[in-house]
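Take a look at the structure below.
Only the coordinates and a few stated rules stand behind these numbers; no lab work does. The model shown is predicted, which means the values in this text are computed figures rather than measured ones. Because the Cβ atoms are built from the backbone with ideal geometry, glycine has one as well, and the counts that use them run over all protein chains shown.
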Amino acid sequence: MRFVFYSQQKRSICKLLLVFYLQKLNTFYQTNLELMNPDTNFSIRSFLGGYDKNFTYLIRCSHKGTNILIDAACPITQILPFISTPPIAVFITHTHSDHISYLDEYSTIFPNMIIFGYPDSTSISKIKNFRSIKHKENIKLDNLLFTAFHTPGHYFDSICYLLKPALFTGDTLFVGRTGRVKDKKSNIKDLYNSIYNKLLVLSNDLRIYPGHDYGKQPNIKIKNNIAISPLLRARNLQEFIDIMEEYELNRILNNQ
């Protein structure tokens, strides 16, 4: 039998490494429980692609294995390796083409999938299995309870979806800023109202999952987003308009 004896110094190093890895493991589980395990267990997987760093999100209920999608911005080939059962629903945040690019493809492959969206979204309302939803309507899919918030401004049919503690904001709210108002169906007064009277009145501990990867990180808590975004700290509508105009001017100056 062969024995290996460690010096006191080596034993101390091993203990420090063990403590370090246990702390890291504990932090990992705490973070995932905070983001993925509120009233019921679920996981969120993001897929990046589409027209301009678009996100499609896959939500999986850990109790029943139910799959649900947010937006149809990425090819289904990106998603298929991560699902064993067909998604039962897709929630559309708004009908700008980059967010529904692959909706026909999804519907063809998953013909029983329900499509949730704004009632007057004519580009998708005639698709089979379309179901309109109202402001503050609750939708329970198996163990997952979603609440829809109609948030016009960036686009007339924008909807944010709350699945505590996650808030899927489409192009209404990004990491570091709000959505823009460059479309003929955009309205900055509506955007201000949606941001300040519908979203920022929710819990500051909610974590937003935006429609594009435009920030320094893919998602963020509302309270942390307020801290880094002047557009989320406006004292009134006029100040919000002024900050937005300054933002757009800087985009032009920086050729963005």
Set Lys164/Lys198; Lys128/Lys185; Lys164/Lys221 screened for pairs whose C-alpha atoms are more than 19 Å apart: Lys128/Lys185
How far is it, in nm, from the label point at Gln78 to the one at Ser62 when both lie 7 Å from their Cα along the line to the Cβ? 2.5 nm
To the nearest 0.05, what FRET efficiency results for Asn143 and Asn204 with a Förster distance of 25 Å applied to their C-beta separation? 0.45
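Between Lys189 and Arg235, what length comes free when the chain is fully extended (0.36 nm per residue of separation minus the Cα-Cα distance, one decimal in nm)?
15.2 nm
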Write out the trypsin sites (Lys or Arg not before Pro) in the stretch 104-184 meeting two conditions: DSSP loop, and at most 11 other Cβ atoms within 10 Å of their Cβ. Lys126, Lys128, Lys134, Lys136, Lys182, Lys184
Partners for Lys189 among aspartates and glutamates (Cα-Cα distance below 13 Å; same-chain residues under 8 apart left out): Glu239, Asp242
Give me the distance between the Cα centres of the stretch 166-205 and the stretch 91-134, rounded to whole Å. 21 Å
Label the stretch 39-253 by shape, choosing from rounded, prolate and oblate, from the square roots a ≥ b ≥ c of the eigenvalues of the Cα gyration tensor; if a/c is under 1.5 it is rounded, and otherwise prolate applies when a/b is larger than b/c, oblate when it is not. prolate
In nm, the gap between the two label points placed 7 Å beyond Cα toward Cβ at Asp104 and Glu248 is 3.3 nm
Inter-site label distance for Tyr51 and Ile127 at 7 Å from Cα along Cβ, in nm: 1.4 nm
Remind me, relative contact order of the stretch 39-253 in percent, using alpha carbon pairs under 8 angstrom and six or more residues apart? 14 percent
